[in-house]
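A quick write-up on the structure given underneath.
The values are calculated or read from the model by the stated rules, or taken from the named source; none is laboratory data. These figures come from a predicted structure and were not determined experimentally. For neighbour counting, all protein chains shown are included, and Cβ atoms are generated from backbone atoms with ideal geometry for every residue, glycine included. Please note that ligands, DNA and RNA were not included when accessible areas were found on the heavy atoms of the full protein model with its side chains. Shrake-Rupley method; radii C 1.70, N 1.55, O 1.52, S 1.80 Å.
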Amino acid sequence: KPEPVQVRAIGNVQQYSSVQVKSQVAGPLTAVFFKEGDFVRRGQLLFQIDPRPFQAALDQARANRAKDEAQANTAAVEAQRYAALFKKGVVSHEQADQMQTNADALKATLEADAAQIETATLQLGYTRITSPIDGRTGNLLVQAGNLIKENDVPLVVINQMEPIYVSFSVPAQTLAQITEYMRTHRLTVQAAPAD
């Protein structure tokens with residue numbers, strides 16, 4: 001009866017993808033939430049960098065916005081008042097324009113404050129480092145208490161193991177036979193450890 005033709009070859013198993021996890025902010029590392037070799041899920045918290053300086057920067061940005069908002073409201077009211085006074089001929093055109101310019105400048109300052117709050121919020125979020133993929137962690141390259149630099153050395157490498165790649169080379173004398181069978185049949189590959 002027909003028997004399958006089997007070609008044996010030595011292959012290598014390779015991770016599907018590999019990610020080096022780095023910090024986007026600098027600060028002291030306060031906690032590590034996994035052990036070397038653990039399987040981690042995408043979005044799982046891996047590291048915590050001290051968030052207090054970043055929280056303080058966010059609080060300061062919000063306070064600046066509140067202060068600038070109060071000043072902008074006052075400037076807008078003064079600009080309206082001076083515009084009305086200009087129409088009555090009580091103040092000069094230059095004074096009315098100056099008040100409107102002040103109001104416009106403070107309105108622009110509010111937009112800058114909003115951008116500053118967004119940046120501070122983003123920086124605060126970077127203190128929580130999560131896994132970008134499902135995979136197995138490698139060597140833990142830092143410990144709690146270490147001072148982390150921004151975008152410096154990887155804190156850990158995560159290898160995605162599912163799916164996984166297996167690469168192998170077949171002997172040259174079997175290549176013609178394999179190519180012929182590939183035209184008419186779907187070939188299967190069985191991977192097994194050496195033992």
Query raised in the report: Which condition number in (1) aromatic (Phe, Trp, Tyr); (2) part of a helix (DSSP H, G or I); (3) under 26 Å from ILE133 (Cβ atoms) is the one that PHE34 fails?
Result: (2)
Query raised in the report: What single numbered condition from (1) touching a Pro at 6+ places or on another chain (Cβ under 7 Å); (2) surrounded by fewer than 14 Cβ atoms within 10 Å (Cβ to Cβ) fails to hold for VAL19?
Result: (2)
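Criterion first (within 23 Å of the chain's Cα centre (by Cα) and in contact (Cβ under 8 Å) with a residue 12 or more places away in the chain) does GLN100 satisfy it?
Considered against the rule, which asks whether it is within 23 Å of the chain's Cα centre (by Cα) and in contact (Cβ under 8 Å) with a residue 12 or more places away in the chain, GLN100 comes out as no.
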Report summary line: Note on the range 131-141: residues open to solvent by 60 Å² or more (accessible area, probe 1.4 Å) and of a type in the set (S, T, N, Q) are ASN139
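Tally up the residues in the range 108-129 that are in contact with a strand residue (DSSP E or B) (Cβ under 9 Å, 6 or more places away or on another chain) and either free of Cβ contacts under 8 Å to residues at least 12 places away in the same chain or open to solvent by 60 Å² or more (accessible area, probe 1.4 Å) (or both), please. Spell out the reasoning first.
Here is the first cut: in the range 108-129, the residues in contact with a strand residue (DSSP E or B) (Cβ under 9 Å, 6 or more places away or on another chain) are 126-129.
Now drop any that are not either free of Cβ contacts under 8 Å to residues at least 12 places away in the same chain or open to solvent by 60 Å² or more (accessible area, probe 1.4 Å) (or both), which leaves 126, 128.
So the count comes out to 2.
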Query raised in the report: Hey, does the range 92-106 have a residue that's modelled with pLDDT of 90 or more, part of a strand (DSSP E or B) and surrounded by fewer than 18 Cβ atoms within 10 Å (Cβ to Cβ)?
Result: no
Query raised in the report: Name the residues in the range 1-15 that are closer than 30 Å to GLY43 by Cβ and surrounded by fewer than 14 Cβ atoms within 10 Å (Cβ to Cβ), would you?
Result: VAL13, GLN14
Requested in this report: Evaluate the range 138-155: report whether one residue or more is at pLDDT 90 or above and part of a strand (DSSP E or B).
Outcome: yes
